[in-house]
Amino acid sequence: MDHGRTAFQCGEPALDRHFQTQATQDIRRSVANCFEVNRKTGNAGGILAASDMATSLMENRILRILKSNVTLTLPDWIDSEVGDALVCSTDDEQMELAVRLAERNVAERTGGPFGAAVFEIEGGALAAVGVNRVVPLSCSVAHAEAMAIMLAQQTFQTYDLAASDLPPLRLVTSAQPCLQCFGMIWWSGVREVLIGATAEDVERLTGFSEGALPEEWVKRFANRVGFPAVRVTEGLLRERALEPLIEYRKRNGAIYSPSST
């Protein structure tokens, strides 16, 4: 089974070529103008400077061409780790899968110490999985919860996981969602969230900063005006969920927060 290694991809490669062509044309015009001015004045030093400028502009402009697509992928080992866990009928089984994904991600050095999965609430069929991929993909939004949610949306081909023609879905995550993932869950359409380790566990054991969630955030999920309620269960297999966090710290895993300078 393909568990959706490509989580998100959009844009047209032709746009990259367009921007590159446009950038090159702009550079040529700027350099040509500089050459012409210095030719007319007989300024040999200026001509050499124009040549240097051409080299510098080409190096810097081409490196900063606007990108038109993003591809987020899960590690190659995902299928082997999920194995036969395509249906996890109990809460504990579902959390165990999320924690195993986090552990494997740490062991393989393919991202941060977090795993997540989206399951059908009734019956426990697996819809998608995710692990943290921030560092290897150079993408601050590539948290485990986000990866699992995006993949579930691609599985069902909808941005709305609360759509009436879908089975009710839950997100199972090895650790409490951070501030960023709070917003992602809010708009995703999942009806339940099962959480292993607490935010305090994450900060204490790893050194990450999880951000300030809204006050009484669990109640806010449960009482969303105009949107389906989201039921939150905390502390599921909490001690087990601490293990990938502890191992990540032992391995001196990267703390990928914004720079403070």
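All of the numbers you see were taken from the coordinates with simple rules; none came from a lab. Since we're looking at a predicted model, the values are computed, not measured. Neighbour counts are summed over all protein chains in view; Cβ atoms, including those assigned to glycine, are modelled from backbone coordinates with ideal geometry.
Phi-derived couplings, Karplus 6.51 cos²θ - 1.76 cosθ + 1.60 at θ = phi - 60°, listed residue by residue for the range 182-198: 4, x, 4, 5, 4, 8, 6, x, 5, 9, 9, 9, 10, 10, x, 6, 7 Hz, with x used for Gly and Pro. Between A163 and Q180, the modelled labels are 2.7 nm apart [label points 7 Å from Cα along Cα→Cβ].
What the phi angles of the range 145-150 give under the Karplus curve with 6.51, -1.76 and 1.60, with θ = phi - 60°, is a coupling list of 5, 5, 4, 5, 5, 4 Hz, glycine and proline written as x. For the listed peptides 146-153, 189-196, 219-226, a ranking on the average number of other beta carbons within 10 Å per residue, highest first, reads 146-153, 189-196, 219-226.
Near N223: Cβ cut-off under 12 Å, other residues only, Lys/Arg at +1 and Asp/Glu at -1. The net charge is +3. Each residue of the range 76-82 was assigned a 3J(HN,Hα) from its phi angle through the Karplus curve 6.51 cos²θ - 1.76 cosθ + 1.60 (θ = phi - 60°); the sequence is 5, 7, 3, 4, 5, 6, 5 Hz, with glycine and proline shown as x.
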